[in-house]
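FYI, it's all coordinate maths here, none of it is from the lab. Predicted model only: the values in this text are computed from it and were never measured. Heads up, the Cβs are rebuilt from the backbone with ideal geometry, glycines too, and the neighbour counts pull from every protein chain shown.
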Amino acid sequence: MTVEKILAISGKPGLYELKVQTRSGFVAESMIDGKKITVSLRSNVSLLSEISMYTYTEEKPLVDIMRAIAVKENEGQAISHKEDNAKLIAYFKEVLPDYDEDRVYPSDIKKVLNWYNMLQQKGMVSKEEPKVADAEVVKEEVVKEVKAKKEAKIEKVNKKDEKEQKPKAKAKK
């Protein structure tokens, strides 16, 4: 499952695919309708590969949960996220029997199933284990890009400070 560049943006429905980073944020494409949007750095954005859910023993990565759904459904569609809460909870218990019922709400289950079905329609779900090296390489690239942008901003600020500190030459009379 390749979800390293799939984003969930707070306040916006569905999932988005990271297309390109810009100076002030990035451009993402909606997986629902294919429209591209610009997202500022101030927006609350989560990478799907970084999201996890609570179990009684640990936090389980969302990728592993989606892989469990893919195994259960033989890479087909899961039940609709619009089913009633009792059905959703029963279904989710089959997928992840030890999830923490006190900290994982029906709304969380709905979101996971909606996201899974969205990714399944795009052919992005798989029963196979992810290639850890690929995920680490992508994560390292993103970290390098962010560090480079921060360093460029710091350098720009330092140059501006240097210009302001130099005294202006007085004209001779």
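The table below gives the values:
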read-out: Count - residues of segment 76-89 that are surrounded by 14 or more Cβ atoms within 10 Å (Cβ to Cβ), closer than 20 Å to L119 by Cα and out of contact with any Phe, Trp or Tyr (no Cβ under 6 Å at 6 or more places or on another chain); value: 3
read-out: Given (1) touching a helix residue (DSSP H, G or I) at 6+ places or on another chain (Cβ under 6 Å); (2) exposed (fewer than 14 other Cβ atoms within 10 Å of the Cβ); (3) not basic (K, R), number of the condition F92 does not satisfy; value: (2)
read-out: Residues that are farther than 22 Å from F92 by Cβ, free of Cβ contacts under 8 Å to residues at least 60 places away in the same chain and assigned to a loop (DSSP other than H, G, I, E, B), drawn from segment 24-63; value: S24, D33, G34, K35, L41, R42, S43, N44
